[in-house]
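Throughout, read-outs are computed from the coordinates displayed, never taken from laboratory work. A quick note: this is a predicted structure, and the numbers were derived from the prediction, not measured. Cβ atoms come from the backbone with ideal geometry, glycine included; neighbour counts cover every protein chain shown.
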Amino acid sequence: MTKNRNFFKNAFICLTLSLALNQTNHASQADTNKPLLVIGASYSDGSTPFNDALVAPLGGVSVGLGTYLSLGNALVKNPRLAGYVVNEAQAGATTFDRLACNPNPSCTSGTWQGYDKQLTKALARVTIPGTTTTTAKFVVITIGNDCLHSDAFGVPQNQSQPCSITEMNNYIDRLIAVGQRILNLGLTPIFDIYPDYHALNLPFAAQAFGLNWIIDQHSYNTLRQLHRSRIKAALAQAVVLDMWAGFEHVGDGLHPNDKTSRKAAEKIAKYIQQAH
């Protein structure tokens, strides 16, 4: 029995290596046929993460109760791409690991993994066993919940305060660190840009999601500008796409509707198609 298990295990590894090496050895292969990695928060994926005890933030609910087209899913469906999307994003995530507190007064409602862990998981899916060679070329990174609202800090909502400029910059630092890690591996990060404030309805979103407070217009625009300018300045080889231009929300004041997600996926797909 043990011999049979070892045989099938070795056969699986050999098949995986053969397929992966065949893919990486064809330099002319279109980038659109390579797996596309996705990390981020609810713009990238609509589902909150369960832990091993089946505890999840917000009870495991997904955006739109399962009727939400995230960017990750839109990329799978985009006709320019092969549909090979490895999506490790988590709805509600921040760039750092944190406990979930809402709606409880204590933070016992599950956990989110930050962007560095999400990236580690995504890379593991496409790395040839026993090597550091990956079959992917691009990593899509969408905005996090950092500084956005009262449940984005890993502390009870009544203890959270809006971000200072220093805290906003700390958030951007974490995004830059993830982008630099991607570049160091020879891959290309693709960042988004925050939607225009007036395309959202953040006060309504605060009511809809039971938040004590949500970022105000001035702070949002400050964060948007820091995000856009600092990433471009720090990561010259990274791609920054205004994929949320013309943003329309799904009705909750915050998340993109199907049309918006498809448009964002199309902008990414066009870039990848033309990149080589």
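Quick notes on this one:
- Qualifying residue in region 110-129 (condition: touching a Leu at 6+ places or on another chain (Cβ under 9 Å), among the hydroxyl-bearing types (Ser, Thr, Tyr), part of a strand (DSSP E or B) and touching a residue at least 24 places away in the same chain (Cβ under 8 Å)): yes
- For region 235-263, taking the residues that are in contact (Cβ under 8 Å) with a residue 60 or more places away in the chain and part of a helix (DSSP H, G or I), the one that is nearest to LEU81 (Cα to Cα) is identified as ARG262.
- Selection from region 132-181 of residues that are among the charged types (D, E, K, R) and either in a helix (DSSP H, G or I) or under 24 Å from THR108 (Cβ atoms) (or both): ASP146, ASP151, GLU167, ASP173, ARG174, ARG181
Quick grid of which residues meet (1) within 20 Å of TYR43 (Cβ to Cβ); (2) in contact with a helix residue (DSSP H, G or I) (Cβ under 6 Å, 6 or more places away or on another chain):
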position: GLN113; (1), (2): yes, no
position: GLN118; (1), (2): yes, no
position: LYS121; (1), (2): yes, no
position: ARG125; (1), (2): no, no
position: THR135; (1), (2): no, yes
position: HIS149; (1), (2): yes, no
position: SER164; (1), (2): no, no
position: ASN170; (1), (2): no, no
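- Residue in region 213-231 that is touching a Phe, Trp or Tyr at 6+ places or on another chain (Cβ under 7 Å), under 25 Å from ALA30 (Cβ atoms) and of a type in the set (A, V, I, L, M, F, W, C) present: no
- Candidate set from region 220-238 (those that are surrounded by fewer than 18 Cβ atoms within 10 Å (Cβ to Cβ) and in contact with a strand residue (DSSP E or B) (Cβ under 9 Å, 6 or more places away or on another chain)); member that is nearest to TYR171 (Cα to Cα): ARG228
Each row is one residue, and each column tells you yes or no for (1) among the small types (Gly, Ala, Ser); (2) outside any loop (DSSP other than H, G, I, E, B).
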position: PRO189; (1), (2): no, yes
position: ALA206; (1), (2): yes, yes
position: LEU211; (1), (2): no, no
position: SER219; (1), (2): yes, yes
position: LEU223; (1), (2): no, yes
position: ALA233; (1), (2): yes, yes
position: ALA265; (1), (2): yes, yes
position: TYR271; (1), (2): no, yes
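- Hits in region 134-147 - residues which are touching a strand residue (DSSP E or B) at 6+ places or on another chain (Cβ under 7 Å) and of a type outside the set (D, E, K, R): THR134, ALA136, PHE138, VAL139, VAL140, ILE141
- Every residue from region 54-63 that is crowded, with 17+ Cβ neighbours inside 10 Å and part of a helix (DSSP H, G or I): PRO57, LEU58, VAL63
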